[in-house]
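Please read the structure below before turning to the comments.
No lab work stands behind these numbers, since they all come straight from the coordinates. Being a predicted model, the structure only gives us computed values, none of them experimental. Because the Cβ atoms are built from the backbone with ideal geometry, glycine has one as well, and the counts that use them run over all protein chains shown.
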Amino acid sequence: MLDAELLVIMVSAPRRALFLFMQKIGFAEALDSIVASDPRYQRDAYVFLRDSLDFTTKQQKKVKGATVRHVTGPELLGGVRQYALKEFGPLVMTVFDNWGIHSCEDVGNMVFNLIGAGIFGKTEEDSIEDFKDVYDFEEAFVKPFAPAKPTGAKPVQELPAPKSV
């Protein structure tokens, strides 16, 4: 948000400006606490996860045409997959490895860390089990960029014998 936009919000809607300011600080402070208590995942991984949730809700809004109230674990994982492929292409696994993310369960652990910090919410039905074996990372992030295998076995053509000079 530009400083001028924030100034306009502060003048026209001071409560909203305070909320926006507190929310930004709240997320940053929550990440400091989460990363300090659970160093398995890098700070940028949590920022990416929040952005993935935003991406997922926007995608669902396009399909459903209404405001999305809740995203399930498998729905979020689908959004993580789409957003990661869009943002990082064939480097997804490299980026995720650097961040400590190796499986759907890692994403679930991060989600529940954010829930514990009060950043994400959950329903009674939500469980860490919702993130178990939803998809294989190799299939989801490597296979789309692997060279296509030939469909039909063509006979190997021999090269002509070298001509003698």
**Complete:** Scanning the range 43-71 for residues that are buried (at least 17 other Cβ atoms within 10 Å of the Cβ) and touching a residue at least 40 places away in the same chain (Cβ under 8 Å) gives A45, Y46, F48, L49, L53
**helices (runs of 4 or more DSSP H) enclosed by the range 62-152 - at least 3 residues per element that are small (G, A, S)** = 73-88
